[in-house]
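Chemist: My questions all concern the structure below.
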Amino acid sequence: MPAHEKENIYKEQSYPQQGKDFSEPSRFSLSFFITFFVCLITWLVFSGKFDLFHISLGIISSAIVGFVSGDLLLSFPKTAKTSHQLFRLIKYLPWLSYQILLASIHVMYLVYHPKMMDLIDPAIIRFDSRLKSELAHYVFANSITLTPGTITIHVSIYGNYAVHAIDKPSAESLPGEMEERIAKIFGD
């Protein structure tokens, strides 16, 4: 085969684009700026230091996080779907807070009970989740961990979970209603 024909073959091939897609700068910049400002406000609130050194560290760190992971927080696949998911997620937070309160009371009961050593029966619970999206798995695993008495110790990409529970009543509710609510949020 002549050399000029080989060049044409290579020029005609298209390779998938690796990394971030910068073809829509408005979406990228919006994701970056929202992530940047959320991180910066969080930095300022939790650091409590307002001198030039700490504020500049916060700006640099927030810019790096915004650039590297801005599309993870806000990917904008479909605007209407995303806004509905955000609304359902906001409705989920009070229910999660209530579950955290109930679990806190249960753990407090275990800790202060005179027969604490008889009541605490730690176990690792394994189950498969029906959730499909990565973000749904992320929210579910963190919701489990936020609830006192349970800690998510492993999540596979296939939805296999391993959760450490302090006792049997803490483990009985898994995956349960929490998974159902998260499935409704993300349409899984």
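Derivation of every value follows stated rules applied to the coordinates shown; laboratory data play no part. Model, not experiment: these values are computed from the prediction. Quick reminder, even Gly has a Cβ in these numbers, built from the backbone with ideal geometry, and neighbours come from all protein chains shown.
Chemist: How high is the FRET efficiency from Leu30 to Ile105, r the C-beta distance, R0 45 Å, rounded to 0.05? Don't skip to the answer; put the middle values down first.
Modeler: Numbers: r = 41 Å, r/R0 = 0.92.
Rounded to the nearest 0.05, the efficiency is 0.60.
Chemist: Using a basic spin-label model with each label point 7 Å from the Cα along Cα→Cβ, how many nm lie between Leu86 and Ile64?
Modeler: Going from the Leu86 label point to the Ile64 one covers 2.8 nm.
Chemist: Which whole-number percent gives the relative contact order of the stretch 132-188, counting Cα pairs below 8 Å spaced six or more residues apart?
Modeler: Working: 50 pairs, mean separation 19.3, N = 57.
Relative contact order of the stretch 132-188: 34 percent.
Chemist: Hey, another quick one. Place a +1 charge on the Cβ of each Lys and Arg in the stretch 79-186 and a -1 charge on the Cβ of each Asp and Glu, then give the dipole magnitude about the Cα centre in debye, rounded to the nearest 20. Mind showing how you got there, number by number?
Modeler: Values: 10 positive and 9 negative charges, 89 e Å.
Dipole magnitude for the stretch 79-186 comes out near 420 debye.
Chemist: Tell me whether the stretch 51-176 comes out rounded, prolate or oblate; compute the Cα gyration tensor, take square roots of the eigenvalues as a ≥ b ≥ c, and use a/c under 1.5 as the rounded threshold.
Modeler: Because a/c hits 1.5 or more and a/b exceeds b/c, the stretch 51-176 counts as prolate.
Chemist: Next question, about the same structure. Roughly what would the spin-label model give for Asp121 and Ile55, points 7 Å off Cα along C-beta, in nm?
Modeler: According to this spin-label approximation, the distance is 5.7 nm.
Chemist: Express the relative contact order of the stretch 79-186 as a whole percentage, based on alpha carbon pairs under 8 Å and six or more residues apart in sequence. Don't jump to the answer; show the numbers that get you there.
Modeler: Working: 118 pairs, mean separation 33.5, N = 108.
Relative contact order here is 31 percent.
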